[in-house]
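The values are calculated or read from the model by the stated rules, or taken from the named source; none is laboratory data. Not measured: the values here are computed from a predicted model. Because the Cβ atoms are built from the backbone with ideal geometry, glycine has one as well, and the counts that use them run over all protein chains shown. Note: accessible area is taken over every heavy atom of the protein model, side chains too, but ligands, DNA and RNA are not part of it. Shrake-Rupley method; radii C 1.70, N 1.55, O 1.52, S 1.80 Å.
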Amino acid sequence: MKILIKNIQQLLQVREESVTWIAGKDMKQLPAIDNAWLLIENDLISDFGSMDSLLEIEADEVIDATGKVVLPTWCDSHTHLVYAGNREQEFVNRINGMSYHEIAENGGGIINSAKKLQATTEEDLYNQSIDRLKEVMQMGTGAIEIKSGYGLTPEAEMKMLRVAKKLGEDFPVTVKTTFLGAHAVPTEFKGNKAGYIDLIVNEMLPKIASEKLATYVDVFCEEGYFSVADTERILSEAKKYNLIPKIHVNQFTILGGIALGVKYDALSVDHLEVLDQNDIETLQGSKTMPVALPSCSYFLSIPYTPGRELIDAGLPLALATDYNPGSTPSGNMNFVVATACIKMKLTPEEAINAATLNGAYAMGLEKTHGSITRGKKASVMITKEIPSYGYIPYSFGSNLIETVIINGEKV
Ligand code: NIG
Ligand code: FE
């Protein structure tokens with residue numbers, strides 16, 4: 001199957017050679033070809049160039065992209081897309097003055113989602129998740145990371161991960177899975193956090209590893225959840241099973257989780273709404289990607305990750321949605337990109353780099369996703385007719401994505 005896209009107004013994120021990540025000043029560069037063509041063969045990008053170089057090509061389908069922008073699909077490296085039900089009532093409680101912490105202390109929050117998920121069959125959980133996945137694919141997400149963490153029992157955590165894996169098998173989108181058993185201490189272990197960590201270490205980790213249900217391990221390292229010492233115990237045990245860390249740190253409190261992540265070669269450290277100079281220096285020279293989740297800041301009205309400072313310090317930055325029922329009930333990467341520009345002062349070029357190539361790195365997909373490079377996965381999206389790519393963040397709230405092709409399949 002060959003698809004030729006021609007007369008592309010701007011073909012974005014064109015990289016002749018595959019790059020690992022983009023950091024610092026380089027993030028301002030978004031290589032593009034004006035008036036371009038792109039050829040897809042089966043599930044791969046086979047060739048591209050400017051229209052004056054286009055020779056006769058026999059294609060099964062020709063798409064005319066006059067006036068439109070073509071770019072790689074979004075790489076959303078941090079989501080909790082598999083969950084049961086919703087927490088709409090907590091949203092109203094917050095409007096009426098309760099804080100996110102107060103809601104959690106009163107049996108809401110992650111524990112509330114865990115109760116719902118434990119009572120939901122695997123089939124129902126899969127069906128609820130399909131609706132969300134289809135929606136984000138339509139909005140341009142072509143690769144996604146999905147965490148467990150609303151099960152909090154061995155069986156329910158495994159149920160979540162099986163559902164996440166099945167989504168990746170049944171849909172063209174590339175799915176990477178993360179075990180987040182240490183998301184909250186379940187009610188049955190109230191006052192006995194050490195007992196729950198023992199359960200994670202002695203039962204959950206070995207089972208999840210032996211069934212190959214996850215590539216990554218995550219911990220919610222935060223006051224009232226898991227301390228740096230708890231996190232270290234889990235990361236060191238997970239290492240025995242070759243699970244790579246991607247951790248929730250510095251959402252509300254600076255505890256030293258970033259240094260721990262770097263020590264354990266975390267692929268990413270995510271959230272970072274609060275950050276100090278020490279954290280920035282720790283990240284410099286590491287292989288750990290800082291990941292900002294601006295829709296979470298928007299929804300909870302908490303500070304935005306200082307993305308401008310991170311980039312100005314020469315660091316890379318990735319953007320992701322954090323799609324989950326409590327802090328971010330939205331999987332819209334277009335909104336994330338716009339909000340990063342509006343609230344974090346990223347330029348459109350920086351935000352698009354952060355949401356494509358750097359997002360790919362943050363889920364170990366930089367060799368196959370995130371750029372228009374020959375031999376990479378044919379996961380690209382075509383906008384409506386727009387003046388230029390800056391229009392994507394500028395017209396925040398509009399859906400400008402018209403056609404999405406994931407792994408060579410139109411969705
Ligand atoms: O990334 N911060 C921890 N976990 C999720 C939200 C958890 C919830 O409220 O359900 C997050 O924001
Ligand atoms: Fe999260």
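Key figures
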{"item": "Cut-off under 5 Å, modelled amide H: who pairs with Ala378 long-range", "result": "Leu44, Ile45, Asn407, Gly408"}
{"item": "Helix-only mean residue ellipticity at 222 nm for the chain, each DSSP H run of n ≥ 4 adding -39500 (n - 2.57), per residue, nearest 500", "result": "-9500 deg cm²/dmol"}
{"item": "Over segment 346-411, volume per residue of the alpha carbon convex hull, in Å³", "result": "105 Å³"}
{"item": "Relative packing of peptides 316-323, 331-338, 40-47, 291-298 - highest average C-beta neighbours within 10 Å first", "result": "316-323, 291-298, 331-338, 40-47"}
{"item": "Sequence-distant lysines (8 or more away, or on other chains) whose Cα lies within less than 17 Å of Lys367", "result": "Lys176, Lys287, Lys376, Lys377"}
{"item": "Stretchable slack from Glu16 to Asn42, in nm (0.36 nm times residue separation minus alpha-carbon distance)", "result": "7.4 nm"}
{"item": "For segment 178-234 and segment 347-390, distance of Cα centres in Å", "result": "33 Å"}
{"item": "Under the Karplus curve 6.51 cos²θ - 1.76 cosθ + 1.60, θ = phi - 60°, whole-Hz ³J(HN,Hα) for segment 26-35, x wherever Gly or Pro sits", "result": "4, 5, 6, 9, 10, x, 9, 10, 7, 6"}
{"item": "Over the chain: Kirkwood hydrodynamic radius from C-alpha pairwise inverse distances, Å", "result": "21.4 Å"}
{"item": "Rounded accessible area of Val219 (nearest 10 Å², 1.4 Å probe)", "result": "0 Å²"}
{"item": "³J(HN,Hα), Karplus 6.51/-1.76/1.60, whole Hz, each residue of segment 118-126, x for Gly, Pro", "result": "4, 8, 9, 6, 4, 5, 5, 4, 4"}
{"item": "Within straight-line cross-link reach of Lys345, lysines at Cα separation under 21 Å, skipping those fewer than 8 residues along the same chain", "result": "Lys25, Lys28"}
{"item": "Rounded percent of accessible protein surface that carbon and sulfur make up, segment 75-361, 1.4 Å probe", "result": "51 percent"}
{"item": "Simple label model, 7 Å out from Cα along Cβ direction - Asp60 to Ile342, nm", "result": "4.0 nm"}
{"item": "Nonlocal amide H pairs with Gly181, under 5 Å, H built at 1.01 Å", "result": "Asp218"}
{"item": "Sparse-neighbourhood loop sites, GluC sites (Glu not before Pro) in segment 191-232 - DSSP loop, at most 15 other Cβ within 10 angstrom", "result": "Glu211, Glu223"}
{"item": "Dipole of the chain [Lys/Arg +1, Asp/Glu -1 at C-beta], most positive-end residue of Leu152, Asn278, Leu54", "result": "Leu152"}
{"item": "Accessible-area order (highest first, 1.4 angstrom probe) of the listed residues Phe299, Phe226", "result": "Phe299, Phe226"}
{"item": "Dipole magnitude of segment 75-361, debye to nearest 20 (Cβ charges: Lys/Arg +1, Asp/Glu -1, about Cα centre)", "result": "360 debye"}
{"item": "Cβ-based net charge around Val201, under 10 Å, with every Lys or Arg adding one and every Asp or Glu removing one", "result": "-1"}
{"item": "Other-chain or far-sequence residues with amide H under 5 Å of Glu402's (modelled H)", "result": "Ile382, Thr383, Lys384"}
{"item": "Violating pairs (Cα-Cα greater than 23 angstrom) within the set Lys212/Lys240; Lys2/Lys166; Lys190/Lys246; Lys68/Lys147; Lys134/Lys410", "result": "Lys2/Lys166; Lys190/Lys246; Lys68/Lys147"}
{"item": "Relative contact order (%) - the chain, alpha-carbon pairs under 8 angstrom, separation at least six", "result": "23 percent"}
{"item": "Hz values of 3J(HN,Hα) by residue in segment 298-309 - Karplus curve (6.51, -1.76, 1.60), Gly and Pro given as x", "result": "5, 5, 8, 6, 10, x, 7, 4, x, x, 4, 5"}
{"item": "Additional length obtainable on full extension of the chain from Asn202 to Lys263, 0.36 nm per residue less Cα span", "result": "19.7 nm"}
